[in-house]
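Below is one structure. I have some questions about it.
The values are calculated or read from the model by the stated rules, or taken from the named source; none is laboratory data. None of the values given here were measured: they were computed from a predicted structure. Quick reminder, even Gly has a Cβ in these numbers, built from the backbone with ideal geometry, and neighbours come from all protein chains shown. Just the protein is used for accessible areas: all its heavy atoms, side chains included, with ligands, DNA and RNA removed. Shrake-Rupley method; radii C 1.70, N 1.55, O 1.52, S 1.80 Å.
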Amino acid sequence: MTTTPDQARLERALFVAADQLHLPISVRALRALATRALALYNPPPDLPKVSVQDLTEQQFAVLLALANGEQLEETAARMWITKRTVREHRNKLFAKLGVSTAGEAVYRAEQLGLVRTDGFGLPLPGQSKRAALR
C-alpha cells in the first residue's frame, strides 16, 4: 500500500498527538484513522449534493440531534418516537449524505451547509435550530 504525502503528514501528526496525550494506539490504527480522515477531508466528487429540502423534518431533527451529541435514547424520548424509528431516520439520513457514521454525517452536513458547528460537531453558541437551516 502506497502512502501519499498528505497521508504520511497526517499519520505523523496523529502519532505525535497520541503520544503527547499518552493514548495507547497502534500504528495500524493510526494509519486507518489517517486514511479515513483524508477520505472525509477530500470527499470524492461524486458525493450527493443534499439540501435541507431533500431531508424530511424527522431526518433533519435527527441530524441536529447528532450535531448536539444526543444519544439515541435522548433523541427518541424528545421526538416521542421509538429508538427503532430514530435508527430508521438516521439510516435514511446517512444514505442521503453518503456516509456511514454519525461523525461523518455531522461533518458532511457542515460541508454542505446544512448545519454550522464550532469544529467539534456542536452547534455554535446562540445558534437556533432554525438558523442551522441557512
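For the subset of the range 66-81 comprising residues that are more than 15 Å from GLU110 (Cβ to Cβ) and open to solvent by less than 80 Å² (accessible area, probe 1.4 Å), which member is modelled with the lowest pLDDT?
Once the filter is applied, the top-ranked residue is GLU70.
Can I ask one more? What about GLU88, is it out of contact with any strand residue (DSSP E or B) (no Cβ under 8 Å at 6 or more places or on another chain) and in a helix (DSSP H, G or I)?
yes
Could you grab me the full set of residues in the range 87-108 that are crowded, with 20+ Cβ neighbours inside 10 Å and charged (D, E, K, R)?
ARG90, ARG108
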